[in-house]
Amino acid sequence: MGGTPFASICCITYNHAPYIRQALDSFLMQRVDFPYEILVHDDASTDGTGEIVAEYGRRHPGVVKPLIQAENQYSKGIENISGAFNFPRVAGKYIFMCEGDDYWVEPTKMQRQVDYMEAHPGCALCFHSAKIQTVGRAFADAQMRPYRGDREITPEGIIDKPSGYAMCTMMFPSSLVRDIPDYYTDCPVGDTPLQWMAAAKGYGYYFDKPWGVYRVGVEGSWTNRSKEGDYAAKQRRYLEGLERSFRQFDAATGGRFASAVDSAIRRTYYQTMVNTKNFGEIMKAEYRRYYRELTPRTRFFLQMEMRSPGLYDVLRTLYRE
């Protein structure tokens, strides 16, 4: 592990005390032929997460590099924590992403992704599938698997895709974030504009291997926070913010991806209709393509809520969606 880092793992964490050890151990178990660093930003956790991160920093000096805040930066309006605090510290040629409540399960993951990108300089984003692990009584799909089979993904395919990519699977050249565009800073969700930035530079490569685990239902997570309060209003603001960032990206890339951007905005609108259960829009014939892209689980629950709302309400008391 000695020498200048060839890769940098960027991890942000907040109140992840039950999970952060598993994340850090999964980084440290990697079998690689290059040195790497682990950049951990703790946003003033109140549950002891910062103390755990500091402990790992002492046990693995020069490898685990903590940045532990005394004041919570997110509450001060700094929503893009990675861009503000981790990316400026990166020393490696490549960046791997994983938040503190997720983790990796394959010890050769980093090596295999690096090997691919080293052999294919036109690739700007390398990622894979992930298992989904629920917390508490959350109920979710078993995996985030956007494609079937290993494959190249065109830049347009990265921008306009039927399913999201788990952040804990993503790896890209650090040169991508040396100059952060406005659309990245302004976007309401942090990993999506990273994918656009990659698409502007090259193609993607997907390994159809579940080398990571994405947790659902973690208290305080972005997904859980978004469901609190007036959810419909939050979804409208999310759609407006994402469309604005999409348009900024389109302008920044000279309209090269205009068709993909337009389609992605339309799909995002449909997804917010699904999230807010606007059945009048969900079942329109003009959106049939997007309905077919939904997972079998999502289609099942939508149909159940429409056809048997009483039974749906009973199930909803047993499981949090």
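Somewhere in segment 289-301, is a residue under 18 Å from the mean Cα position of the chain (by Cα) and in a helix (DSSP H, G or I)?
No, there is no match, as no residue in segment 289-301 is under 18 Å from the mean Cα position of the chain (by Cα) and in a helix (DSSP H, G or I).
Looking only at residues that are more than 20 Å from the chain's Cα centre (by Cα) and part of a loop (DSSP other than H, G, I, E, B) in segment 101-121, which one is modelled with the lowest pLDDT?
Only one residue tops the list, namely 121.
What's the number of the only condition in (1) assigned to a helix (DSSP H, G or I); (2) surrounded by fewer than 16 Cβ atoms within 10 Å (Cβ to Cβ); (3) without any contact (Cβ under 8 Å) to a residue 60 or more places away in the chain that residue 255 fails to meet?
(1)
Cβ contacts < 6 Å: first residue farther than 11 Å from residue 125 by Cα, restricted to segment 183-201; second residue assigned to a loop (DSSP other than H, G, I, E, B) and at pLDDT below 90, any location; separation 6+ or different chain. Result?
So the pair list comes out as 185/80; 190/80; 193/187.
Sort out which residues of segment 1-27 are among the aromatic types (Phe, Trp, Tyr), within 18 Å of the chain's Cα centre (by Cα) and either outside the structural domain of residue 173 (by TED's automatic domain parsing) or under 17 Å from residue 94 (Cβ atoms) (or both), and write them in order of number.
Residue satisfying the conditions is 27 alone.
Restrict the check to segment 26-33 and report whether at least one residue is among the small types (Gly, Ala, Ser) and more than 18 Å from residue 215 (Cα to Cα).
Within segment 26-33 (the criterion being among the small types (Gly, Ala, Ser) and more than 18 Å from residue 215 (Cα to Cα)), the answer is no, since none of the residues qualifies.
Out of all the residues in segment 167-195, which are modelled with pLDDT of 95 or more and in a loop (DSSP other than H, G, I, E, B)?
170
How many residues does segment 117-169 hold that are of a type in the set (A, V, I, L, M, F, W, C) and out of contact with any strand residue (DSSP E or B) (no Cβ under 9 Å at 6 or more places or on another chain)?
Count: 2.
Could you identify the single residue in 70, 124, 91 that is under 26 Å from residue 182 (Cα atoms), at pLDDT 95 or above and either among the acidic types (Asp, Glu) or in a loop (DSSP other than H, G, I, E, B) (or both)?
91
Since residue 125 meets every condition but one in (1) surrounded by fewer than 22 Cβ atoms within 10 Å (Cβ to Cβ); (2) in contact with a Phe, Trp or Tyr (Cβ under 9 Å, 6 or more places away or on another chain); (3) closer than 21 Å to residue 158 by Cβ, which condition does it not meet?
(1)
Filter segment 28-49 for residues that are under 30 Å from residue 238 (Cα atoms) and over 22 Å from the mean Cα position of the chain (by Cα) and give the result.
46, 47
Within the set of pairs 6 or more residues apart or between chains, which connect a residue that is in a strand (DSSP E or B) and β-branched (Val, Ile, Thr) inside segment 211-227 to a residue that is surrounded by fewer than 16 Cβ atoms within 10 Å (Cβ to Cβ) and modelled with pLDDT of 55 or more with Cβ atoms less than 7 Å apart?
Cβ pairs passing all conditions: 213/105.
The values are calculated or read from the model by the stated rules, or taken from the named source; none is laboratory data. These numbers were taken from a predicted model, which means no experiment stands behind them. Glycine also receives a Cβ, built like all others from the backbone with ideal geometry; neighbour counts cover every protein chain displayed.
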